[in-house]
Amino acid sequence: MSNTTDPSSTGGVQSVDRAITILEVLARFGEMGVTEVAGELDVHKSTAFRLMSTLEGRGLVEQTEGRGKYRLGVGLLRLAGATTARLDVVQEARPICKALAASTGETVNVAVLSEASALYLDQVAGSSALQPHNWVGQHIPLHATSNGKVLLSGLGSERLDEVLHGLPAYTALTITKRSALRKELDVVREQGYAVAVDELEVGLTAVAAPIHNAHGDVIASLSVSGPTFRLGTAKIDSALPLLLEAAEEISHRLGWGHR
């Protein structure tokens with residue numbers, strides 16, 4: 001195997017570094033022309049112009065009305081907004097998750113849709129959960145989890161087709177047919193929560209409810225999970241009202257509905 005560095009790879013990294021520097025410089029000075037940017041980067045004006053044009057094409061920088069000067073673009077707000085929305089969910093949900101974990105004794109998780117999987121943002125362990133698996137930061141299959149089903153229930157038909165590339169079986173109880181999953185999602189929408197018993201792994205049960213934003217969109221899911229032997233039908237029935245109330249409270253904190 002050759003140890004020679006790929007020149008195109010090196011150039012690509014350098015371009016990324018320079019592009020980030022441009023964003024930092026504009027954040028510091030507000031507005032700058034191509035010549036000034038070139039000076040800050042210590043590169044030729046044509047190189048600076050090429051980088052600025054690329055960033056402009058993505059909406060990350062924009063030219064001022066007087067032309068010739070550039071400033072940060074609204075595209076950055078879109079990127080920041082995605083992160084801010086997730087931070088808002090975690091911050092608003094944290095105290096409610098703690099209360100829910102305390103009242104149920106089980107593990108509470110908050111998850112969001114991330115491309116074709118569920119991304120776990122936060123977790124609080126209840127008193128009954130001895131050394132629970134830490135799901136935070138992990139991507140979990142959508143079709144085999146209660147959180148995933150809730151997140152899928154908020155999608156339209158076309159978007160569902162985009163994210164459901166395949167339905168692999170994790171246990172004998174995993175839903176692997178699209179028709180069966182779509183029927184399951186209809187039930188989730190109608191009843192307002194999802195249940196998964198031994199679907200991701202044998203011995204794991206979870207029930208989840210949707211978290212809505214101010215527009216009523218399902219932006220996250222809240223779940224209570226635990227070992228199947230402990231989280232049986234009776235325990236789910238007792239935990240469900242607490243879960244639904246908690247999810248509704250988080251949704252209200254994010255601007256959903258009127259109180």
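The values are calculated or read from the model by the stated rules, or taken from the named source; none is laboratory data. What you are looking at is a predicted structure, and each value in this text was computed from that prediction instead of being measured. Glycine also receives a Cβ, built like all others from the backbone with ideal geometry; neighbour counts cover every protein chain displayed.
Among the residues of region 180-195, which ones are free of Cβ contacts under 8 Å to residues at least 12 places away in the same chain and either outside the structural domain of Tyr170 (by TED's automatic domain parsing) or closer than 18 Å to Gly156 by Cβ (or both)? Please lay out each step first, then the result.
If we filter region 180-195 for residues that are free of Cβ contacts under 8 Å to residues at least 12 places away in the same chain, which is where we start, we get 180, 183, 186-187, 190-191.
Result: Lys183, Asp186, Val187, Glu190.
Restricting attention to region 158-191, which residues are among the small types (Gly, Ala, Ser) and either part of a helix (DSSP H, G or I) or buried (at least 16 other Cβ atoms within 10 Å of the Cβ) (or both)? I'd like the intermediate steps shown before the answer.
Narrowing region 158-191 to residues among the small types (Gly, Ala, Ser): 166, 169, 172, 179-180.
Listed by number, the residues that qualify are Ser179, Ala180.
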- Does Asp198 qualify as being surrounded by fewer than 19 Cβ atoms within 10 Å (Cβ to Cβ) and either in contact with a Lys or Arg (Cβ under 7 Å, 6 or more places away or on another chain) or touching a residue at least 24 places away in the same chain (Cβ under 8 Å) (or both)? yes
- Would you please name the residue that is surrounded by the fewest Cβ atoms within 10 Å (Cβ to Cβ), looking only at residues in region 233-259 that are touching a residue at least 24 places away in the same chain (Cβ under 8 Å) and outside any helix (DSSP H, G or I)? Gly257
- Query: Within region 53-77, which residues are touching a strand residue (DSSP E or B) at 6+ places or on another chain (Cβ under 6 Å) and at pLDDT 90 or above?
  - Reply: Leu55
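Taking the conditions exactly as written (closer than 24 Å to Ala234 by Cβ and in a loop (DSSP other than H, G, I, E, B)), does Leu155 satisfy them or not?
Values: closer than 24 Å to Ala234 by Cβ: no; in a loop (DSSP other than H, G, I, E, B): yes.
Answer is no for this residue.
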- Report yes if Thr205 is part of a strand (DSSP E or B), polar (S, T, N, Q) and more than 16 Å from the chain's Cα centre (by Cα), otherwise no. yes
